[in-house]
Amino acid sequence: MARELINLLISNKRESDMTTNNNISNDKDQAAPSAPQDLGRRKFLNTAALTGLAGATLSVGLASCKQETAPASKAAPAAPAAAPKAAAHGGEMSAERAPGQLDDYYGLWSGGHSGEMRVYGLPSGRELKRIPVFNPDLLTGWGITNESKKILGTRPDGNLKYHTGDTHHVHGSYKDGTYDGKYAWVNDKIHSRLARVRLDTFECDKITELPNIQGFHGVFPDKRDPVDANINHTTRVFCGAEFHIPLPNDGRDMEDASKYAALFSCVDAETMEVRWQCRVSGNMDLCATSYDGKLAACNQYNTENGAHFEDMMSAERDACVFFNVARIEQAIKDGKFKTYGDSKVPVVDGTKDANKDPKTALTAYVTVPKNPHGVNASPDGKYFICAGKLSPTATVIELASVLKWFDGELPKLDDAIVAEVEIGLGPLHTAFDGRGNAFTTLFLDSQMVKWNIDAAIKFHKGDKNAKYVVDRLDVTYQPGHTNASMSETKEADGKWLGVGNKFSKDRFLPVGPMHCECEQLIDITGEKMRLVADHTAWGEPHDFIIVKRDIFKPKQVYELTDFPIRTENMADCRVERKGNKVTVFLASQAPMYGLREFKVKKGDEVTLYLTNLDKVEDLTHGFALPKHDINFVVNPGETKSVTFKADKPGVFWCYCTHF
C-alpha cells in the first residue's frame with residue numbers, strides 16, 4: 001500500500017574530540033508541524049497416553065500511517081444467535097460460515113505458557129484476537145508502552161518484573177446467573193498472578209500478584225455476592241493455590257514439612273486487591289462457585305499434606321473443600337486471622353482440624369477418590385461434579401446438603417455425595433448442556449463421555465437398571481479441557497461442545513518436532529455427539545468459555561477523553577523540555593503524524609505520547625523507532641506512551657507499522 005513519508009533528519013554536530021563531555025548540542029529542541037480412528041490411533045494411545053500424565057542531537061522523523069479512502073459506517077450491533085433445530089439423534093449443525101457471515105459465539109481461550117488469552121469466533125474457529133496478558137507482545141507493544149508496563153509491573157530499573165506467564169483458566173463475570181460481558185479473568189500459574197480483561201475493549205486492565213502462594217491454578221468468580229443478597233453480580237474472584245510452600249517462604253523452614261501449606265485467595269472483582277486468604281489442608285486444583293453465592297470450592301489432592309511427591313499418594317480418597325464465604329469474612333471482621341511475612345493480607349485457618357464443628361466451620365471437606373482434577377457447577381445450581389483423574393469416576397455433590405452440614409443438620413458430610421459412578425479412564429473436566437447431561441473428558445480413553453446426572457444419582461442409590469452413560473465419542477488425542485456453549489451459566493444451551501486435546505499427532509500437516517494442538521468442535525444438539533470440526537491451536541491452551549455473541553458489546557472506537565494525557569488536534573503536537581527530560585506530544589491522523597520531525601539531545605530521557613485522532617473503525621496506527629526497540633499500536637481515539645533514552649546520535653526514521 002502506498003504511504004506518504006515524512007522526512008526525518010538527525011543532525012550530528014561534533015566538536016573535534018568526541019571523547020569529551022563538551023559535545024552536547026546547544027541547539028534548541030525543534031518541533032516542525034506537518035501539513036493538513038485409523039489403526040495407528042489405538043497404537044498411539046497405548047504407547048503415549050501415560051507419558052502425557054552528546055555533541056549530538058537526535059532528531060526523530062515520522063512516516064505516515066495508512067489512509068482510508070472513505071470513512072466506514074459504524075457497525076451495527078450483532079444480533080442474537082439463532083437457535084439451531086433440535087435433532088433426534090445426531091445433531092445437524094454446521095461449523096461452516098460463509099464469507100462475511102458472523103459467528104454465533106465468542107470463545108475466550110487461555111493461551112497456556114504463551115501467557116496470553118485468545119479470542120475465537122465459533123463455530124467457525126476463526127481466530128479474532130490474541131490478547132497479550134502476561135507476555136510482552138511485539139505487535140501491540142504490550143510490555144513496551146508505559147501503560148502496559150504499569151499493569152504488568154516493573155523492577156526498580158524500569159524493566160518488566162517477569163517476562164513469562166502460564167494462563168490456564170478463563171472465566172467471565174456474572175449477573176443473574178449468566179455472563180454479563182463486563183470482565184474476564186485468567187490466571188498465571190508460574191508467578192501466581194490474576195489478570196482482568198475488560199470485555200468492552202478486549203484488553204487487560206489490571207494484574208494482581210497473589211502473596212504467600214505458588215502454583216495458582218484454579219480461578220472462578222462468584223455468581224452473586226455471598227454476603228449481600230441484594231447484589232446479584234460478581235463481586236469476588238476465588239483463586240486456588242496448587243503447590244505447598246513454607247509459610248512464610250523466606251528460607252527458614254524449607255526442611256520442615258509441617259510449615260508447608262496452600263492458601264485459597266479471595267480477590268475483589270473491581271479493585272483487584274486481595275481481600276483475604278484461607279489456609280487449607282491439602283493442595284488445591286480447580287475452583288467452582290455456587291449460584292446463590294454462598295459457597296466456593298476447590299478439588300484437592302495431597303490431603304496427606306506431603307512436601308514431596310512420594311508423600312502425597314498414600315490416601316485412597318482426597319477431597320473437594322468447600323468455603324463458607326460469609327463465615328470467613330465474619331471471622332476476619334472479628335480479628336480471627338494472622339498474616340505471613342511482609343503481606344498484610346489476613347489469613348484465616350481453614351484446615352480440617354480447626355473446623356470440626358459444622359456450626360462454626362469455615363470449611364468443609366467432602367471426600368472424593370484420590371487425585372481428582374476438575375470441579376464444575378451444574379447449570380441448575382444443584383451440584384458440583386468432581387472428575388476422578390486417577391479414578392475412573394465422577395462424584396456428584398449436592399450443594400443443599402453441604403449447606404445443611406454447615407447448619408448442623410447433616411450428621412455426615414459425605415452424605416452430600418449423591419452419586420459416584422464410573423464413566424471411563426482419566427476423567428478430567430466436565431461441561432453441561434442445560435438438559436441434565438454432563439460431558440466429561442477421558443484423557444486415557446481419548447474420548448468424550450456424555451452421561452445423565454439424574455440417572456447417575458438413581459444408579460448410585462441402587463437402581464442398577466439406570467443407564468447413565470448416554471454416548472461416547474472418540475477424540476484426537478488425549479482430551480484435557482472441555483466446555484460447552486454457556487455451560488456454567490443458567491443459560492446453558494446445549495449446542496456446541498469444545499474439546500481441547502493435548503496431542504494432534506497426525507491430524508494436520510507436520511511442521512517439525514513441535515506440533516500444534518487439536519481443538520475439536522462437537523455438535524451436542526442431538527442425543528448422540530457429532531464431531532464437526534478440527535481446529536489447530538498453538539501451544540498450549542487450557543480452559544475456555546463459549547459465550548453468546550450478543551452478550552459482548554465491544555467498543556469499535558475509543559473516546560479521546562478516556563485518556564488523561566492526549567493530543568486533541570494535529571496543531572497541538574509539540575515538544576516540551578524540563579532539564580534532560582523531554583516530552584513529545586504527538587498525534588496521528590491517516591496518512592500522517594502531526595510532526596515532521598523532532599530533535600532531542602544525546603542523553604535525554606524522552607517520553608512520547610501518541611494519540612490516534614481517527615474516528616474510523618479499524619483504522620489502527622503504529623509507531624516504530626529503529627534502534628531503540630520500540631514498536632506499538634494505537635487504536636482509533638487511543639493514546640499510548642513510551643519512554644526511552646536518547647543514547648545514539650544520528651537520524652532515526654519513525655514509521656507507522658500498522659497499515
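The values are calculated or read from the model by the stated rules, or taken from the named source; none is laboratory data. A quick note: this is a predicted structure, and the numbers were derived from the prediction, not measured. Cβ coordinates were reconstructed from backbone atoms using ideal geometry, including for glycine residues, and neighbour counts include every protein chain displayed. Calculation scope for accessible area: heavy atoms of the full protein, side chains included, ligands and nucleic acids excluded. Shrake-Rupley method; radii C 1.70, N 1.55, O 1.52, S 1.80 Å.
For Gly181, are the conditions met, namely being assigned to a strand (DSSP E or B), farther than 23 Å from Val119 by Cα and not hydrophobic (A, V, I, L, M, F, W, C)? Walk me through how you get there before you give the answer.
On the way: assigned to a strand (DSSP E or B): yes; farther than 23 Å from Val119 by Cα: no; not hydrophobic (A, V, I, L, M, F, W, C): yes.
No.
State the number of residues belonging to region 493-510 that are part of a loop (DSSP other than H, G, I, E, B), closer than 30 Å to Asp380 by Cα and open to solvent by less than 20 Å² (accessible area, probe 1.4 Å).
The total comes to 1.
Do you know which residues across region 113-135 are under 22 Å from Asp205 (Cβ atoms) and either open to solvent by less than 10 Å² (accessible area, probe 1.4 Å) or in contact with a helix residue (DSSP H, G or I) (Cβ under 8 Å, 6 or more places away or on another chain) (or both)?
Gly115, Met117, Arg118, Val119, Ile131, Pro132, Val133, Phe134
Which of the residues spanning region 196-217 are under 22 Å from His244 (Cβ atoms) and open to solvent by 40 Å² or more (accessible area, probe 1.4 Å)?
Here is the first cut: in region 196-217, the residues under 22 Å from His244 (Cβ atoms) are 208-217.
Passing the criteria: Glu209, Gln214.
Could you check region 559-659 for strands (runs of 3 or more DSSP E) lying wholly inside it with 1 or more residues that are out of contact with any helix residue (DSSP H, G or I) (no Cβ under 9 Å at 6 or more places or on another chain) and either open to solvent by less than 30 Å² (accessible area, probe 1.4 Å) or closer than 24 Å to Trp142 by Cα (or both)?
581-589, 595-601, 605-612, 621-625, 630-634, 639-645, 650-654
Provide a single number: the residues in region 252-273 that are modelled with pLDDT of 95 or more and surrounded by fewer than 15 Cβ atoms within 10 Å (Cβ to Cβ).
4
Condition test on Asp318, is it within 19 Å of Ala261 (Cα to Cα) and surrounded by 15 or more Cβ atoms within 10 Å (Cβ to Cβ)?
Details: within 19 Å of Ala261 (Cα to Cα): yes; surrounded by 15 or more Cβ atoms within 10 Å (Cβ to Cβ): yes.
So Asp318 passes the test.
Look at region 439-458 and say how many of its residues are surrounded by fewer than 18 Cβ atoms within 10 Å (Cβ to Cβ) and in contact with a helix residue (DSSP H, G or I) (Cβ under 7 Å, 6 or more places away or on another chain).
0
Within the group Ile551, Ile524, which residue is under 16 Å from Gly107 (Cβ atoms) and open to solvent by less than 20 Å² (accessible area, probe 1.4 Å)? Let's see the steps before the verdict.
On the way: Ile551 fails: open to solvent by less than 20 Å² (accessible area, probe 1.4 Å).
After applying the criteria, what remains is Ile524.
Looking only at region 459-492, how many residues end up being touching a Gly at 6+ places or on another chain (Cβ under 9 Å), open to solvent by 30 Å² or more (accessible area, probe 1.4 Å) and outside any strand (DSSP E or B)?
Counting residues in region 459-492 that are touching a Gly at 6+ places or on another chain (Cβ under 9 Å), open to solvent by 30 Å² or more (accessible area, probe 1.4 Å) and outside any strand (DSSP E or B) gives 2.
Say we look at region 427-458 and pick out the residues that are assigned to a strand (DSSP E or B), among the β-branched types (Val, Ile, Thr) and touching a Phe, Trp or Tyr at 6+ places or on another chain (Cβ under 9 Å); which of these is farthest from Phe544 (Cα to Cα)?
My answer is Val449.
Under 26 Å from Pro379 (Cα atoms), open to solvent by less than 30 Å² (accessible area, probe 1.4 Å), within 15 Å of the chain's Cα centre (by Cα) and at pLDDT 95 or above, is that true of Gly177?
no
Return yes when Asp205 is of a type outside the set (A, V, I, L, M) and over 23 Å from the mean Cα position of the chain (by Cα) and no when it is not. Even if it seems obvious, please write down each step before you answer.
On the way: of a type outside the set (A, V, I, L, M): yes; over 23 Å from the mean Cα position of the chain (by Cα): no.
When the stated conditions are applied, Asp205 does not pass them.
I'd like the residue in region 511-520 that is of a type outside the set (D, E, K, R) and surrounded by 22 or more Cβ atoms within 10 Å (Cβ to Cβ) and, out of all such residues, is farthest from Glu92 (Cα to Cα).
Taking region 511-520 as the starting set, the residues that turn out to be of a type outside the set (D, E, K, R) are 511-516, 518, 520.
From the residues that got through so far, the ones that are surrounded by 22 or more Cβ atoms within 10 Å (Cβ to Cβ) too are 518, 520.
Values: Cys518: 22, Gln520: 16 Å.
Going through the qualifying residues, I end up with Cys518.
For Asn249, all conditions in the list (1) open to solvent by 10 Å² or more (accessible area, probe 1.4 Å); (2) in contact with a Lys or Arg (Cβ under 7 Å, 6 or more places away or on another chain) hold save one; what is the number of the exception?
Failing condition for Asn249: (2).
Taking the options Gly526, Gly539, name whichever one is part of a loop (DSSP other than H, G, I, E, B) and either among the acidic types (Asp, Glu) or modelled with pLDDT of 95 or more (or both).
On the way: Gly539 fails: either among the acidic types (Asp, Glu) or modelled with pLDDT of 95 or more (or both).
After ruling out the rest, the residue left standing is Gly526.
Residue check: is Asp349 exposed (fewer than 15 other Cβ atoms within 10 Å of the Cβ) and either at pLDDT below 95 or acidic (Asp, Glu) (or both)?
no
Would you point out the residue of region 277-315, among those that are in contact with a Lys or Arg (Cβ under 9 Å, 6 or more places away or on another chain), surrounded by 24 or more Cβ atoms within 10 Å (Cβ to Cβ) and of a type in the set (A, V, I, L, M), that is farthest from Asp253 (Cα to Cα)?
Once the filter is applied, the top-ranked residue is Ala296.
Go through (1) open to solvent by less than 20 Å² (accessible area, probe 1.4 Å); (2) part of a loop (DSSP other than H, G, I, E, B); (3) more than 22 Å from Asp228 (Cα to Cα); (4) hydrophobic (A, V, I, L, M, F, W, C) one by one and return the number of the condition Ile385 breaks.
Answer for Ile385: the failing condition is (2).
Going by the structure shown, is Thr167 buried (at least 23 other Cβ atoms within 10 Å of the Cβ), touching a Ser or Thr at 6+ places or on another chain (Cβ under 7 Å) and among the polar types (S, T, N, Q)?
On the way: buried (at least 23 other Cβ atoms within 10 Å of the Cβ): yes; touching a Ser or Thr at 6+ places or on another chain (Cβ under 7 Å): yes; among the polar types (S, T, N, Q): yes.
In short, yes.
Restricting region 323-346 to residues that are in a loop (DSSP other than H, G, I, E, B) and of a type in the set (Asp, Glu), which is least open to solvent (accessible area, probe 1.4 Å)?
Our first condition is that a residue be in a loop (DSSP other than H, G, I, E, B); within region 323-346, this holds for 334-337, 339-346.
Next, from what is left, pick out any that are of a type in the set (Asp, Glu): 334, 342.
Working: Asp334: 88, Asp342: 150 Å².
Per the criteria, the residue is Asp334.
Determine which single condition Arg193 fails, assuming it passes every other condition in (1) within 17 Å of Arg118 (Cβ to Cβ); (2) buried (at least 21 other Cβ atoms within 10 Å of the Cβ); (3) of a type in the set (Lys, Arg).
(1)
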